[in-house]
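The structure under discussion appears below in the form of structure tokens.
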Amino acid sequence: MLQLINNLPAHVAGLHAFASVSEIEYKDALIPLIENQLINNHRINFVLVLETDIANFASGIWCGNMQIGLKYFFKWNKVAIVTDQTKVLGYSDLFKYLIPGKFRNFSLEHIDQAIRWVSAK
């Protein structure tokens, strides 16, 4: 399940994942969120909190991530991935080398630090 993260600065978008997440749910939540960021800010500052096992994500989501990353290739500014899952961290590290922008990983206990980092201008 995905839930918008409220109380973020206007130039930051965020999603919180828990339980199982379908590919349709992911696209229906993420794409409008990113499009809204671009309309209002022209750059994407994004925080993703993963409190579910990677096995609970539909398999197409990770391929879809790459497509979304490439679609908005030059628009990424900062992305914070907040999770304690090492499998996800290895995957998100790949984005650092393929897509412009700053990508950082944070543990769940440092969610406040992640939000401060992605929010800093």
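Only one of these conditions is not met by residue 54: (1) of a type in the set (Val, Ile, Thr); (2) open to solvent by less than 30 Å² (accessible area, probe 1.4 Å); (3) at pLDDT below 70. Which number is it? All conditions pass for residue 54, except number (2).
Number of residues in region 4-32 that are open to solvent by less than 50 Å² (accessible area, probe 1.4 Å) and of a type outside the set (Val, Ile, Thr) equals 11. Which condition from (1) in contact with a helix residue (DSSP H, G or I) (Cβ under 6 Å, 6 or more places away or on another chain); (2) at pLDDT 85 or above; (3) of a type in the set (Phe, Trp, Tyr) is the one that residue 46 breaks? Just one mismatch for residue 46, condition (1). For region 81-89, the criterion of a residue being farther than 20 Å from residue 12 by Cβ, open to solvent by 90 Å² or more (accessible area, probe 1.4 Å) and at pLDDT 85 or above is satisfied by at least one position.
The values are calculated or read from the model by the stated rules, or taken from the named source; none is laboratory data. From a predicted model like this one, the values you see are computed outputs, not experimental measurements. FYI the Cβ positions are ideal-geometry reconstructions off the backbone, even for glycines, and counts take in every protein chain you see. For accessibility, only protein heavy atoms count, side chains too; no ligands or nucleic acids. Shrake-Rupley method; radii C 1.70, N 1.55, O 1.52, S 1.80 Å.
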